[in-house]
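Beneath this line is the structure, given in structure tokens, with notes to follow.
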Amino acid sequence: MKEVFTSLRRTPYQSMAGFFVLFFTLFLSLVLFISLSFVNGFLSYIETRPQVTVYFQPKTPENNIFKVRDELSNSGKILSIKYINQKQAFEIYKSLNKDNPLLLEMVSADILPPSLEIYALKPVYLPEIAEYLKKQGNVDEVQYQKDIVDRLLSLTNVLRKGSLIFFSYLILMSIIVLTTTTSFKIALKKDEIELLRLLGASNSFIRKPFLNESLFMGISASVLSFLILITFFLYFNPFLKGYLVGVPSLSLDLYMTKLNIWPLNIVFFAIMFSLSLLFGCIIAVVSSFLATRKYLKV
Amino acid sequence: MIVFDKVTKKFPLGNFALNEVSFEIDDNEFIFLVGPSGAGKTSIIKLIMKELSPTSGSIVIDDEDISSSSFKKISRLRRKIGAVFQDFKILTDKSIFENVAVTCQIQNLDKGETKKRVRETLSLVGLEKKEKVFPVQLSAGELQRVAIARAIVGEKKFLVADEPTGNLDPKTSWEIMKIFKKLEGTKTIIIATHNSDIVNSFQKRVLVLKEGKLVKDKRSGGYDL
């Protein structure tokens with residue numbers, strides 16, 4: 001550590017350039033990662049909502065509703081259909097508005113519409129199902145979420161591709177800048193390296209101080225970017241809560257497991273920090289390896 | 001043991017640094033390499049250190065042919081050889097202790113052992129009170145003592161010195177040579193010099209070089225310019 005600090009002190013501007021490039025790379029990568037996680041989480045959330053909800057007029061006979069339900073079920077285009085009667089609708093209303101007694105007083109089960117929550121086998125069936133429902137009698141409203149899903153899907157795709165390009169650019173730039181600054185430091189220590197080689201130092205011995213310095217920068221840049229991000233999150237947490245009201249949780253599908261991203265939790269933060277640390281270390285190792293390579297030939 | 005067998009070193013422009021030079025140096029022998037500038041003394045030192053490779057012939061050090069060795073082998077070889085240079089090659093941003101300790105660190109000695117050995121060696125060269133001092137505060141003679149300490153600390157089997165007194169006044173030169181005298185019999189010592197007074201006073205084996213050729217091998221002798 002003493003050697004690392006001495007070297008940082010002796011070449012402050014090169015060290016600062018390397019550190020800030022690493023910091024911005026890791027910070028922006030974390031921001032991208034979080035944005036993608038939230039968009040993906042939101043998309044998954046939307047997909048778990050009924051894809052078509054049809055509300056019937058409050059006094060529609062149940063038999064009529066069951067007829068519509070059975071016809072849809074037999075069409076071969078439906079994954080599942082759930083019937084929600086007026087009583088169940090009132091229960092849902094009560095649970096959503098439990099903190100507002102005034103709203104609860106004003107509403108009774110009689111005025112709430114019975115509904116069908118329909119999940120299609122494929123998104124392409126959605127327009128057809130919606131059209132069929134609109135033609136039925138006693139139908140009050142058909143809510144159809146395909147547009148939202150489609151928009152979110154295309155947004156996610158654009159974000160994913162854009163992020164990948166931007167992320168690769170950031171990583172490449174960091175490696176180039178860090179390699180250049182390390183090369184400059186090595187040039188200043190050319191005589192020392194030559195002497196070490198004459199004394200029989202191995203490649204790893206010569207490389208070690210430069211690697212330590214790069215790793216120190218990588219780790220400190222990732223810690224700083226994570227701390228700033230977490231401060232940002234904690235500061236804006238009330239705003240996010242207000243914005244995501246009614247969304248109980250957001251999660252991300254990661255192979256076999258589900259990662260909860262909202263409400264904010266320690267596992268999500270730990271993964272963010274680990275990723276940031278991992279990338280910081282990889283950039284540091286690659287750049288110091290590239291910078292020292294040409295000076296280690298006999 | 002060091003064996004040079006018909007070693008030739010030819011530079012790309014065609015000039016010979018060494019031309020079919022052969023000799024053997026026994027373990028713990030004390031040798032002077034002498035000759036005028038350009039005779040090939042430094043080339044022999046550089047070939048032993050594997051800073052240069054021979055154009056033809058073979059060099060065997062400690063039963064190992066180093067003529068075409070890999071980097072790993074060369075590093076291992078260099079760890080057995082202590083080197084003293086005319087320009088000292090002292091690291092100016094490190095203290096005297098750190099300059100000497102670097103050899104122990106390369107040899108992977110632990111901190112306690114490093115401390116012990118560095119202090120013993122600094123005491124041997126008369127710098128025990130200056131371990132915390134930086135090179136800029138030392139005289140040329142003291143810097144060369146540091147270089148010798150760095151060359152002999154640790155498990156060194158060979159000590160090569162290229163004009164170790166070349167930049168020093170006569171009095172300091174003698175002090176430096178006294179340190180080499182103290183080390184006699186503990187390791188193979190090869191000193192390249194053109195200081196005839198020193199060579200004549202030591203009465204050790206002398207290899208005389210001229211224009212890249214070995215012209216004399218005196219078992220116990222002196223040297224005339």
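Okay, here's what the table says:
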read-out: Test: residue in the range A:172-186 that is in contact (Cβ under 8 Å) with a residue 40 or more places away in the chain, within 14 Å of chain B (Cβ to nearest Cβ) and either within 20 Å of the chain's Cα centre (by Cα) or under 30 Å from B:V153 (Cβ atoms) (or both); value: yes
read-out: Qualifying residue in the range B:97-111 (condition: free of Cβ contacts under 8 Å to residues at least 40 places away in the same chain and of a type in the set (S, T, Y)); value: no
read-out: Test: residue in the range A:254-273 that is touching a residue at least 60 places away in the same chain (Cβ under 8 Å), closer than 30 Å to A:T179 by Cβ and surrounded by fewer than 19 Cβ atoms within 10 Å (Cβ to Cβ); value: no
read-out: Unique match (being within 12 Å of chain A (Cβ to nearest Cβ) and modelled with pLDDT of 90 or more) among B:V125, B:V100; value: B:V100
read-out: Among the candidates A:S29, A:S7, residue that is surrounded by 15 or more Cβ atoms within 10 Å (Cβ to Cβ), among the hydroxyl-bearing types (S, T, Y), in the same structural domain as A:I228 (by TED's automatic domain parsing) and over 36 Å from the mean Cα position of the chain (by Cα); value: A:S7
read-out: Some residue of the range A:115-128 being in contact (Cβ under 8 Å) with a residue 40 or more places away in the chain, among the polar types (S, T, N, Q) and touching a strand residue (DSSP E or B) at 6+ places or on another chain (Cβ under 7 Å); value: yes
read-out: Test: residue in the range B:133-147 that is surrounded by 18 or more Cβ atoms within 10 Å (Cβ to Cβ), outside any loop (DSSP other than H, G, I, E, B), of a type in the set (A, V, I, L, M) and within 11 Å of chain A (Cβ to nearest Cβ); value: yes
read-out: Any chance B:I44 is crowded, with 18+ Cβ neighbours inside 10 Å and within 13 Å of another protein chain (Cβ to nearest Cβ); value: no
read-out: Condition check for B:K111: modelled with pLDDT under 90 and at negative phi; value: no
read-out: A:R69 vs. criteria part of a helix (DSSP H, G or I), of a type in the set (K, R) and more than 14 Å from chain B (Cβ to nearest Cβ); value: yes
read-out: Residue within the range B:57-65 that is more than 30 Å from A:L188 (Cα to Cα) and surrounded by 20 or more Cβ atoms within 10 Å (Cβ to Cβ) present; value: yes
read-out: Of all residues making up the range B:55-81, the number that are more than 13 Å from chain A (Cβ to nearest Cβ) and either without any contact (Cβ under 8 Å) to a residue 24 or more places away in the chain or of a type in the set (F, W, Y) (or both); value: 3
read-out: Given (1) surrounded by 17 or more Cβ atoms within 10 Å (Cβ to Cβ); (2) of a type in the set (S, T, N, Q); (3) within 16 Å of the chain's Cα centre (by Cα), index of the condition B:N28 fails; value: (1)
read-out: Residue check, A:A109 of a type in the set (A, V, I, L, M), surrounded by fewer than 18 Cβ atoms within 10 Å (Cβ to Cβ) and in contact with a helix residue (DSSP H, G or I) (Cβ under 6 Å, 6 or more places away or on another chain); value: yes
read-out: Single match in A:F205, A:F226 (criterion: within 14 Å of chain B (Cβ to nearest Cβ) and either in contact (Cβ under 8 Å) with a residue 12 or more places away in the chain or in a helix (DSSP H, G or I) (or both)); value: A:F205
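The values are calculated or read from the model by the stated rules, or taken from the named source; none is laboratory data. These numbers come from a predicted model, not from an experiment. Neighbour counts run over all protein chains shown; Cβ positions are idealised from the backbone, glycine included.
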